[in-house]
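Note sheet for the following structure.
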Amino acid sequence: MTQTRKYPVGIQTFSDIRERKYLYVDKTQYLADFIDRGYKYIFLSRPRRFGKSLFASMIHCYYEGRKELFEGLAINRKEREWTCHPVLHFDMSTAKHCHEGDLKSELNYKLVQYEDKYGRRSDTPNLNQRFEHLVKAAYEQTGQKVVLIIDEYDAPLLDVVHEDQNLAALRRVMQNFYSPIKSLDPYLEFVFITGITKFAQLSIFSELNNLFNISMYDQYSAICGISKDELLTQLRPDVESLAERLRLTVDETFAKLKEKYDGYHFSPTAKDVYNPFSLMKALASGVIGNYWFESGTPTYIIKLLRKYNVGVLDLTAQDASVDDFDVSPENMVSALPLLYQSGYLTIKHYDPNVGFYTLAYPNEEVRLGMVRSLAANYLIPASGTNSSFVIKLTKTLLAGDMEQALTLMRAYLAGVSYRLSNKSERDVQTIFYLIFSLLGAFVKVEEQSSHGRADVVITLPTVVYVMELKFDGSADAALNQIDAKGYLIPYTADGKKLVKVGVNYSSQERTITEWKIREES
């Protein structure tokens, strides 16, 4: 059970990965494609920790002519001149949490390093003029056109996306700084810009009207992340090793990885893409954990949900046109664009007949992460109390005692009754959603099928519980709806015992007051 390969957890420097023999999933064929097609100005949007910076670093090394780093990779199998170009690489992740003066200082710092390298510093204090002089100086000194890489261009903007005044000031600084790019076309060989959002299309690079946004093209859907094909081929030995460490079969391990980390789709008919950060950490540690979400939920996401009053049930499924979610944050009228572009929602279905997309959580890791982040808005604030209750409820359900599980639920809900005063049926549904979602992967809440949407489906090794909740109704009415809507039908072929559970919630007593449990004959 020894680890046979080194995994580049958190390493975003291509040369470091190649020189120190870390595992590298070859993405160089995409750069070869850009070159063959003559693409010169590329913009790529992907969520955080998805490999954008590693891809940018790979481009940097390629255009520096470091052929030895590409031995055995796809781009090296094509005839190349390996011409060494001057590369200006601006990593804007160093400019987070800043104000206008801080941003100008950071841009000045980056310019000075390259001005010292290429021996020409402009006398003007204007950042955009210095940037223009720098590109021309690099071209004149080397005799080769310049490669410009701007990685995480939107990092300075995301934390102030809700602050109109500060956002406008930072945006003006960036727009002014990058304004010479269009006029510098004769001096530029290739321009590659990455980010999470699409501010680029509206304002920051508004003058660069030939910027090719590849973010939603099927052929580039797996440019970042790990595709299903890559996992099944290049990473199969690693999955086999993980299976041995987990004492599971290889097929069982593939299934667990898929449920936890797969599910990202960045175009209408995209390939399945796994979260690369979480996947590499799982392979390295031997534990399938919630690594991407636990690595930090950006504050702008939480602020965004509050600003637009987004409830947890609002994130279970969203039907939208591309104009609703693939737009600049400056144009958004809901939380949808940033939730999609940041990776908290992804494309799950596309209907070409009407041009509508269905957006939902990509996988179990993100769903549980969001549930836990939002749970404090509805449940008992003390996390220890929630954890203790969830553990008890899980053990009771695994023991097959639904009667006792509902007794626990009644007591717990009574304990949070002061937070439920004057709440609506939607709020009660939200609380049920959160409680059962916290139980883990064997619980499906608001399970959609061709027969309708059941409130809760609990799938255990030998039994499936289908639960329906009524608000100031009756347990019998809940059971009748399960029958009338055919909620049990999708589970009849599993060979498991099927159990219907009808539950009624009383707004007067602010807890569940009646339930009935019926095994399907």
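A few notes on this one:
- Descending semi-axes in whole angstrom, ellipsoid equivalent of the stretch 15-72, from the Cα gyration tensor: 19, 16, 10
- For the stretch 148-230, the convex hull spanned by the alpha carbon atoms encloses 118 Å³ per residue.
- Count Lys and Arg as plus one, Asp and Glu as minus one, and take only other residues whose Cβ is under 14 Å from that of Thr396; the net charge is then +1.
- Calculated FRET value between Tyr109 and Asp218, using beta carbons and R₀ = 51 Å, to 0.05: 0.80
- Taking Lys and Arg as +1 and Asp and Glu as -1, the other residues whose beta-carbon sits under 10 Å from that of Val287 total +2.
- The distance separating the Cα centre of the stretch 319-377 from that of the stretch 97-116 comes to 34 Å.
- Packing rank of 32-38, 57-63, 319-325, 473-479, where each peptide gets the mean count of other beta carbons within 10 Å, highest leading: 57-63, 473-479, 319-325, 32-38
- Mean silhouette area of the stretch 1-135, derived from the convex hull of its C-alpha atoms and averaged over all directions, reads 11.0 nm².
- Euclidean distance of C-alpha centroids, the stretch 137-175 and the stretch 1-50, integer Å: 23
- In this simple spin-label approximation, Ala411 and Ser373 carry label points 7 Å from Cα along the Cα→Cβ vector, and these lie 3.3 nm apart.
- Taking all pairs of distinct alpha-carbon atoms in the chain, Kirkwood radius in angstrom: 25.6
- Counted over the stretch 143-295, the DSSP beta bridges are approximately 40% antiparallel.
- Cross-link pairs exceeding 19 Å in C-alpha to C-alpha distance, out of Lys136/Lys182; Lys258/Lys281; Lys27/Lys96; Lys6/Lys271; Lys348/Lys497; Lys21/Lys258, comprise Lys27/Lys96; Lys6/Lys271; Lys348/Lys497; Lys21/Lys258.
- On the beta carbon distance between Asn309 and Gln404, with R0 = 51 Å, the FRET formula returns roughly 0.90.
- Rounded to 5, the percent of DSSP beta bridges in the chain classed as antiparallel: 55
- Counting Lys and Arg as +1 and Asp and Glu as -1 over every other residue whose Cβ lies under 14 Å from the Cβ of Asp151, the net charge comes to +2.
- Between the alpha-carbon centres of the stretch 460-521 and the stretch 239-273 there is a gap of 32 Å.
- Stretching the chain fully between Ile35 and Arg66 yields a gain of 9.5 nm (0.36 nm per residue, less the alpha carbon separation).
- Simple spin-label estimate for Ile302 and Arg5 in nanometres, 7 Å along Cα-Cβ: 3.6
- Which of Ile149, Ile489 is most accessible, then next, and so on - probe 1.4 Å: Ile489, Ile149
The values are calculated or read from the model by the stated rules, or taken from the named source; none is laboratory data. All values derive from a computational prediction rather than experimental measurement. Every residue, glycine as well, gets a Cβ built from its backbone with ideal geometry; the counts of neighbours run over all protein chains shown. We work out accessible area using only protein heavy atoms, side chains counted, and drop any ligands, DNA or RNA first. Shrake-Rupley method; radii C 1.70, N 1.55, O 1.52, S 1.80 Å.
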